[in-house]
Amino acid sequence: MLKRTLPGLMGLVAAIALSGSSMTASAADSKTVEVMHWWTSGGEAKALTVLKDGLKTRGYTWKDAPIAGGGGEAARTVLKARVASDNPPDAIQMLGFTIPEYAGQGYLANLDSLAAKDGWDKVVPAPIQRFSKYQGHWVAVPVDIHRTNWIWANKKIFDQLHLTPPQTFDQLVADAAVIRKAGYIPLAHGGQPWQEATLFDSAVMSAGGPKFYTQALVNLDPTALGSKTMEKAFDQMRALRGMVDPNFPGRDWNLATSMVINGKAAMQIMGDWAKGEFVNAGKKPDVDYLCFQYPGTQGDFIFNTDQFATFKKGDATLPGEDAFAETVMDKADQAKFNQIKGSIPARLDVPSDGFDACGQKSMADLRSALKNGTMVGSFAHGHAMPDGPKNAVYDVVTHFFNSNQSSADAVKQLVDAVNEAK
Ligand code: BGC
């Protein structure tokens, strides 16, 4: 009996000692906010310093918990593990449908009183609020609005070859042939599923426009998914595959951006975090590089917004968590942050002066897309459909891109995959 109790007792003692030490640690850490994110490229890390400094001026220290991996898949895996072991970070970067997933399980702190004080309802666009709020309550704060249907081009190469931004997909294909002939790589691409999915955002929009995009990728309508229009989107993916270099598999997105910056490749199709790399390298739009919409998506706005959610610690929100949310939503900091990150502010009340030509264009296009109801969520970045179908579509797209599958077969597979995952 004693033998059996003793280890139990010792366990209890150890547990008390441990909880004591963790209490001391958390007391000592109460001025610290641990933030998990995947902003590890040059441009991303530089933008992050704006938020770190903002938190500091509010009297708190930013404890950095970066998980490298563009698109955030690795970060989402680590978060799951940390939540499962009851050790979530204080705050975490989240995209789209990940927010309601965690909010629905009761993990996220309620930010309603801060939201009311600062009037977030009035300044954050409704398509973003749809993810920031769960059952009508604010549970996440949006820091930026990224757009995925951009092409970033090396201006010197375009000038040398007398090229201008292609207005149709056929023109893009013709330009790519000219670029290849001149000895450059037409398209810098990183062969990772999320980067292929990012191309697919644009291909679907270009093939069918915002209404079709919504029917197929948001409503998951089997008729749209199995249509001839979807086949055209895959045809575009096949043509894009022909524009890349042989070393594309596994390449990180920012290395692909460097290929355009350094004049090895002429273009990259990527969200405007790529612009953050140009900014970080001291490059200027219309001088060193061009920014334009993927042909056939001019004026369309496929958005991807980074939000931060704070995890509940008991019943009360910790003061550091409030300070953190305030930092993310600070008007002046959103201006500074987004000018470095390549995106535009999530708050509509931030003035456009100080933004470069690409940023101003994005701001203007956002306003008209909001008016026309054509601001649509990025499939690649978790704003079109929940994780289950998203991963299934990722698989179909990546398999297609990395094989000789026909567009007709890919469309059939797409319908089946979504059907099973729904
Ligand atoms: C995020 C961006 C980030 C990009 C590459 C996207 O999912 O929304 O903020 O820069 O991934 O890491």
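The values are calculated or read from the model by the stated rules, or taken from the named source; none is laboratory data. Please read these numbers as outputs of a predicted model, since none were measured by experiment. Cβ sites come from the backbone with ideal geometry, for glycine too, and all protein chains shown count toward neighbours. Accessible surface areas use protein heavy atoms only, side chains included; no ligands, DNA or RNA. Shrake-Rupley method; radii C 1.70, N 1.55, O 1.52, S 1.80 Å.
Accessible area per residue for region 252-379 is 34 Å², calculated with a 1.4 Å probe on protein heavy atoms, without ligands, DNA or RNA.
Taking every DSSP bridge with both residues inside the chain, close to 60 percent are antiparallel. Close amide H pairs (under 5 Å, H built 1.01 Å from N) link Trp38 with Ile67, residues at least 5 positions away or on another chain. Eigen-decomposition of the gyration tensor built on the alpha-carbon atoms of the chain gives equivalent ellipsoid semi-axes of 39, 25, 21 angstrom, largest listed first.
Jot down the per residue volume, in cubic angstrom and as a whole number, of the convex hull over the alpha-carbon atoms of region 56-193.
Dividing the Cα hull volume of region 56-193 by its residues yields 200 Å³.
Taking amide H positions as modeled 1.01 Å from N, with prolines and chain starts lacking one, the residues under 5 Å from Ile145 and 5 or more places away or on another chain are Ile344, Ala346.
For region 178-257, what relative contact order do you get, as a whole percent, if you take Cα pairs closer than 8 Å and at least 6 residues apart?
51 percent
Restricting attention to region 352-422, the count of lysine pairs at 8 or more positions apart or across chains with alpha carbons under 28 Å apart stands at 5. Here the convex hull built on the C-alpha positions of region 332-422 has a volume of 146 cubic angstrom per residue.
Surface composition of the chain: carbon plus sulfur atoms contribute 56% of the solvent-accessible area (1.4 Å probe, protein chains only, all chains present).
Our compactness index for region 195-315, the C-alpha radius of gyration over the empirical 2.2 N^0.38 Å, is 1.26. In the chain, the calculated helix contribution to ellipticity at 222 nm averages -16000 deg cm²/dmol per residue, counting -39,500 (n - 2.57) for every DSSP H run with n ≥ 4. Helix 331-341 axis versus longest C-alpha principal axis of the chain: approximately 50°, rounded to the nearest ten.
How big is the dipole moment of region 109-210 about its Cα centre under a simple scheme where the beta carbon of each Lys and Arg is +1, that of each Asp and Glu is -1, and everything else is neutral? Debye, nearest 20, please.
Charge dipole, region 109-210, about its Cα centre: 140 debye, nearest 20.
In percent, rounded to a whole number, the relative contact order of the chain is 26, using alpha-carbon pairs under 8 Å and six or more apart. If you take the Cα centroid of region 31-91 and the Cα centroid of region 117-193, the two points sit 24 Å apart.
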